[in-house]
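The values are calculated or read from the model by the stated rules, or taken from the named source; none is laboratory data. Just so we're clear, the structure is a prediction, and the values are computed from it rather than from any experiment. A quick note on method: Cβ atoms are made from the backbone with ideal geometry, for glycine too, and the neighbour counts reach across all protein chains shown.
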Amino acid sequence: MNQPTQQETHMVYRQIKKRRSWVSLILTLIAMVMTIMAAYGMYHEPLFSSNFLNQEVNYHQFQQFTQQLRSQTFVDLSDFEQSLTRLLWVINTFFILCIVNVILAILTLVFNRTLLKVLNFLVSLGIFFIPVGLLLIIRDIATQLSDALAPLQSLVGTIETTSLLAESNAVHNAIIFTGIATFLYFISLFFRNRKVKNIYSISGSKQRKTQQILAK
């Protein structure tokens, strides 16, 4: 008498892994480099030029520039000095945010978490608006300086605002670089990690493996 045939058994289980989005990592890396280039230019290159004092002023010469204005006795520039103090505070904030941005970018490259991307995008957005505000502040300071020197214009003639104080290419480059970095950080938000789902199917002595990639 024949024994009943044993029914084949099937065992299926899933193993889910996360696959990194290399597009997001590359965009983050490029954006981080752009931010570093903007910060480097703002730190080493001239921030603005002043024909009034016949010099170009970078970050290291900022304090010396303020002291030179204080030493002159032609006109009262106390309000102008307050504007320069505000300008220095804005520049220092820019460097601090750039450091935070780079740290968050490095953490994103290591861990690739969506929360880090969102935080870095918000920080980069603030970094972008600082050079734009810096541009407006420099032009406003130049206007204040022109008004303060109005009594001297009868002696030396008309003084153009841009000849007193004008932003340099470093500020323009910072706006461009940080704008590109902010855009890249924003685009990277759409490239998220993917889940790889491995399905193993065992039937007798044979094993079949299928793989599906799911969005996170």
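Just one residue in the set Phe80, Phe128 is under 18 Å from Ile36 (Cα atoms) and either modelled with pLDDT under 90 or touching a Gly at 6+ places or on another chain (Cβ under 7 Å) (or both); that residue is Phe128. Applying the set (1) modelled with pLDDT under 85; (2) assigned to a helix (DSSP H, G or I) to Phe52 leaves exactly one unmet item: (2). Here is the figure for the stretch 177-193: residues that are free of Cβ contacts under 8 Å to residues at least 60 places away in the same chain and within 23 Å of Arg139 (Cβ to Cβ) total 1. Criterion applied to Gln6, Gln63 was being at pLDDT below 85 and over 32 Å from the mean Cα position of the chain (by Cα), and the one residue passing it is Gln6.
So, Phe94, is that one modelled with pLDDT of 65 or more, more than 30 Å from Val118 (Cα to Cα) and either aliphatic (A, V, I, L, M) or surrounded by 14 or more Cβ atoms within 10 Å (Cβ to Cβ) (or both) or not? Considered against the rule, which asks whether it is modelled with pLDDT of 65 or more, more than 30 Å from Val118 (Cα to Cα) and either aliphatic (A, V, I, L, M) or surrounded by 14 or more Cβ atoms within 10 Å (Cβ to Cβ) (or both), Phe94 comes out as no. Restricting Met32, Met42, Met1 to those that are at pLDDT 95 or above and out of contact with any Gly (no Cβ under 8 Å at 6 or more places or on another chain) reduces the list to Met32. Cβ-Cβ distance below 6 Å, separation of 6 or more or different chains: which pairs start in the stretch 82-109 with a residue that is under 22 Å from Gly179 (Cβ atoms) and end on one that is basic (Lys, Arg) and not in a helix (DSSP H, G or I)? Correct list of pairs: empty, since none qualify.
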